[in-house]
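Report on the following structure.
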Amino acid sequence: MGLGIGRVVFYRVRDRNIVSEIIDEEAIILDLNSGMYFSAESVGAVIWDGIVCGFEAAQIKQRILQSFSADPVGLDADFENFAACLLANKLVDVAHAAPLPSGDWSIPLPAARRGYGPPILNRYDDLQELALLDPIHDVEEVGWPNRKTDF
């Protein structure tokens, strides 16, 4: 999935059942459809933040170059690999038109550039059953936290 020279590429969060929060420069992402959750720190959090905020891939890469001591050539490959992971886990889609940008980044620029490490998407399934539990419909009549045993 090469980005191509001069081609404008946008990614968008796949649907409203993908929720996320950035806490201390770590993106925590929950897929409410599957119950899987993901995390991405540092560069990965900046990429996720840029996608959520509606920025184009080149703008996200520029933000990374402003924040980290990264080699632009290596960054292109790392960005593509990270985007491929987001796509493979059905967290984002390639947008054919620019999404409406939120206007600003959630993660501010650091005072000084930091060391660069390739972005990594960590995937967890240890809370999958809990995340898929619907506390309104999947409980006994006595209420939460008594899970329904007979469907």
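The values are calculated or read from the model by the stated rules, or taken from the named source; none is laboratory data. Computed from a prediction, not measured in an experiment: that's the story for all the values here. Cβ: placed from backbone, ideal geometry, glycine included. Neighbour counts: every protein chain shown.
Couple of notes before you dig in:
- For segment 7-48, a residue qualifies if it is part of a loop (DSSP other than H, G, I, E, B), in contact with a Leu (Cβ under 7 Å, 6 or more places away or on another chain) and either among the hydrophobic types (A, V, I, L, M, F, W, C) or without any contact (Cβ under 8 Å) to a residue 40 or more places away in the chain (or both), and the qualifying residues are Val9, Asn17.
- Which listed residue is more than 14 Å from Leu121 (Cβ to Cβ), at pLDDT 90 or above and surrounded by 15 or more Cβ atoms within 10 Å (Cβ to Cβ), from Glu41, Glu21, Glu25: Glu25
- The set of residues in segment 14-70 that are among the small types (Gly, Ala, Ser) and in contact with a helix residue (DSSP H, G or I) (Cβ under 8 Å, 6 or more places away or on another chain) comprises Ser20, Ala27, Ser34, Gly35, Ala40, Gly44, Gly50, Ala57, Ser67, Ala70.
- Scan of segment 93-129 for residues that are among the aliphatic types (A, V, I, L, M) and either more than 21 Å from Asp15 (Cβ to Cβ) or at pLDDT below 60 (or both), ordered by number: Ile107, Leu109, Ala111, Ala112, Ile120
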